[in-house]
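Just so you know, all these numbers are worked out from the coordinates, no wet-lab data involved. Just so we're clear, the structure is a prediction, and the values are computed from it rather than from any experiment. Ideal geometry is used to build each Cβ from the backbone, glycine not excepted, and the neighbour counts take in all protein chains shown.
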Amino acid sequence: MKDALQSAQARFLAQATERIPPPAFVELRREATAAFTDRGLPTMKQEEWRHTNIAHLAGIEWAALHEPLAPPRSAIEDVATPIFACGLEVFIDGHHHPELHGSPGASEVETLGSTPAPPALLGRLADAKAHPFVALNGALACDGARVRVHGDDPRAVHLVFAQGSEDAASHPRVVIDAERGSRGTIILDHVSLAGARHFANSVVEVEIAEEASLDLVILQRAGGTSFHVGHVAGRVERNGRLRTHTISLGGRFVRNDLEVVLAGEGAECTMNGLYLGLGEGLIDNHTWVDHAVPHCTSRELYKGVLTGSARGVFRGRVVVRPDAQKSEATQSNPNLLLSDGAEIDTKPQLEIYANDVKCSHGAAIGRLDPESLFYLRSRGIGEDEARGLLTRGFAAEVLSALPEPSLAEAMSAVFLEKLEATGQRT
Amino acid sequence: MTMLEIENLHATAGDAEILKGIDLTIRPGEIHAIMGPNGSGKSTLAGVLSGRAAFEVTKGSILYQGKNLQELDPEQRAREGIFLAFQYPVEIPGVTNNYFLKASLNAIRTHRGEEELDAMDFLSVVKEKMKIVEMPKDLMGRSINEGFSGGEKKRNEVLQMLLLEPKLMVLDETDSGLDIDALRVVATGVNHLRSPERSMLVITHYQRLLDYIVPDVVHVLSEGRIVRSGGRELALELEEKGYGWIEEAGA
Ligand SMILES: Nc1ncnc2c1ncn2[C@@H]1O[C@H](COP(=O)(O)OP(=O)(O)OP(=O)(O)O)[C@@H](O)[C@H]1O
Ligand SMILES: [Mg+2]
């Protein structure tokens, strides 16, 4: 395994020297390449990767595309329906596709591939030295978006990351500044154009200024052959609010890292997650919330549905620093196993160094309730449909918290579709 | 043709034999009441009729409209017209009552060779039925039975019955936990479905319900057997004297 990781590392490093990156990425690439050269790809000996073997991912020779495909708008609409917002930008295999953007709302979206200088936040929150895939992203990123949310933006910004080419990798980078007192919604939507095998390795840095409130939705619906690694690093200032919605609907290999620092008093963070493991897929969520100062609140609800021989991993770390008194932290991770072959490793990790805090956590692993199933069937609903309804009912708590009802409805339909298309039971 | 013909039915749950030889024939249009002490097997009989997996029929036969019931899955029985109003309706979070009832009605309509109803048509049908059981509107948008009061759950059962228009209705203590007004409303709903083609098996502890839903026959179930059958005056007698005298007489 070591050899495979080293050759993968060498292939990626070679790609980093192939071309000079756009101006915004020059500095980031230098630093991240150094970190990636140092650390390489993670092995299962590392605590953060103990349950997740990346051998399969590392064994594939991922190509870096320099000339992106230019599919017609209809091809994007087919896979990213519904197009939720006017502030639309589309990236194909990691490159911005200039013809497909929507009309701007109050939020400003700039593409990093054509920005003359790096935004101040780039590379500041996601630590390349601590996270191997953040380093890899920094070494190879050449496009992405910077979103500045001003005022009260009723229209969501929808960034579509579409994968088009077989065995291509992309390393999109997103930087979000939610400015003081602003309100906004940003949807990052990972989709696949042709169901090709591909690897997306994205990094998002998000800063919530004082009194700002942001919903950040991350949809991963690229399909069963996709490899997806996503890292979100957030920081919330005084009285700011960040709500994340991490919805992962299938994939061969999915790893999401979410780290949020509650840095100003009164800061709040809600972390919602839904993951659907299908077939032989692996879906791993690592979250980390850091209560750095007093009077902050974090609420976390991640729900998992696993079927076939899918494997799930959930690790929820909550740190309450010694002087972060009056912190409130809740965490819950219920899982539904739909087959005998499905598995979940779930573990909360609470590190509480302050004494005047309210913290609770719970994890559960269950199956569909036979009495509920019988109730539905006794009303004429067939067994498969009844199972689908109950499973979607389980997921509803997370989906209904999505910022727009139309989004919740659309994702609920996609969830059921993915479950029915590949969901086996035993 | 008879609606239901049960012969020498024995059924077990786990290792325990609960039904120990039941004979019961119900013809179209008839209403049969079943009374009997707690634990005598009333809900077990209802469960066996609706296809609950916890029970196993070990002996005897059940014919429903001439068909061997044991060969049918719960959903097939429902589609063929059997309806069980649950003693304890199940709460299902995350699935709206509205979605559920529409899915259910459409499954049954499809089976009958009728077209599925779209959201609009369904709404107008369900509205009309909701009026009959005086069901508050907001219950349709909520998760199935979740946080419903005891009475609301029972109304919801009767609402489903009105929508699905079954042929054989099994009511398992649909009256228990209802106040006087709710009892009248629920009974009105049930009586709406009374017709020469439909039959009912009404399980109850109280003669009061039978003032509203007047049975043709009353049976007493005790320790897994029907120990006595009679007209509706039997219910009055039971109310007055309890079950002791029958059990003694039977012994
Ligand atoms: N799944 C089961 N496993 C084991 N025993 C069971 C099961 N279901 C029912 N029983 C037992 O069978 C007997 C009859 O139960 P049943 O629910 O049919 O009674 P009932 O006549 O409906 O009573 P009540 O008037 O209290 O509703 C009881 O002793 C009960 O404990
Ligand atoms: Mg009972």
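The lysines within cross-link reach of B:Lys127, meaning a Cα-to-Cα straight distance under 28 Å and a gap of 8 or more places when in the same chain, are B:Lys102, B:Lys137, B:Lys153, B:Lys154, B:Lys167. Seen from every direction in turn and averaged, the convex hull around the alpha carbons of the range A:115-247 projects onto 8.1 nm².
GNM remark for chain A: springs join alpha carbons under 10 Å apart, and the peak mean-square fluctuation among A:Arg252, A:Arg387, A:Arg235 falls on A:Arg387. Which loop-located GluC sites (Glu not before Pro) does the range A:95-167 contain, where loop means any DSSP state but H, G, I, E or B and the Cβ has at most 16 other Cβ atoms within 10 Å? Answer in residue order: A:Glu166. Here the residues A:Cys296, A:Cys86, A:Cys142, ranked from fewest to most Cβ neighbours within 10 Å of their Cβ, fall in the order A:Cys86, A:Cys142, A:Cys296.
By the Cα gyration tensor, the range B:133-244 has an equivalent ellipsoid whose semi-axes, rounded to whole angstrom, run 27, 16, 13 from largest to smallest. Only Cα pairs under 8 Å and 6+ residues apart enter the sum, and on that basis the relative contact order of chain A stands at 10 percent.
The alpha-carbon atoms of the range A:275-426, seen along their principal axes, cover 57, 32, 27 angstrom, with the largest extent given first.
Considering only A:Gly316, A:Leu88, A:Leu13, and ranking their Cα positions along the charge dipole of the range A:2-369 that arises from unit charges at the beta-carbon of Lys, Arg, Asp and Glu, the one farthest toward the positive end is A:Gly316. In terms of other Cβ atoms within 10 Å, A:Thr246, A:Thr52, B:Thr96, A:Thr17 run from fewest to most in the order A:Thr17, B:Thr96, A:Thr52, A:Thr246. Couplings for the range B:188-203, taken from phi via the Karplus curve 6.51 cos²θ - 1.76 cosθ + 1.60 with θ = phi - 60°, read 4, x, 5, 5, 3, 8, 4, 7, x, 9, 10, 10, 9, 10, 10, 8 Hz in order; Gly and Pro are left as x. Of all beta bridges that DSSP places with both ends in the protein assembly as shown, some 15 percent have antiparallel geometry.
Close amide H partners of A:Ile176, meaning residues 5 or more places away or on another chain with modelled amide H under 5 Å apart, are A:Val147, A:Glu205, A:Val206, A:Glu207. For chain B, the longest principal axis of the Cα atoms and the long axis of helix B:150-164 meet at an angle of about 80 degrees. Considering only A:Ala63, A:His150, B:Gly14, the residue lying farthest towards the positive end of the dipole of the protein assembly as shown is A:Ala63, judged by Cα position with unit charges set on Cβ. Remark: chain A projects, on average over all directions, an area of 19.6 nm² (convex hull of Cα atoms). For a straight C-alpha distance cut-off of 20 angstrom, the lysines reachable from A:Lys129 (same-chain residues fewer than eight places away being disregarded) are A:Lys2, A:Lys45.
Classification of the range B:4-250 by its C-alpha gyration tensor yields a prolate form. The axis ratio a/c (a ≥ b ≥ c) is 1.5 or more, and a/b outweighs b/c. Taking the DSSP beta bridges with both ends in chain B, the antiparallel portion is around 60 percent. When DSSP beta bridges are restricted to pairs lying wholly in the range A:2-369, around 5% turn out antiparallel.
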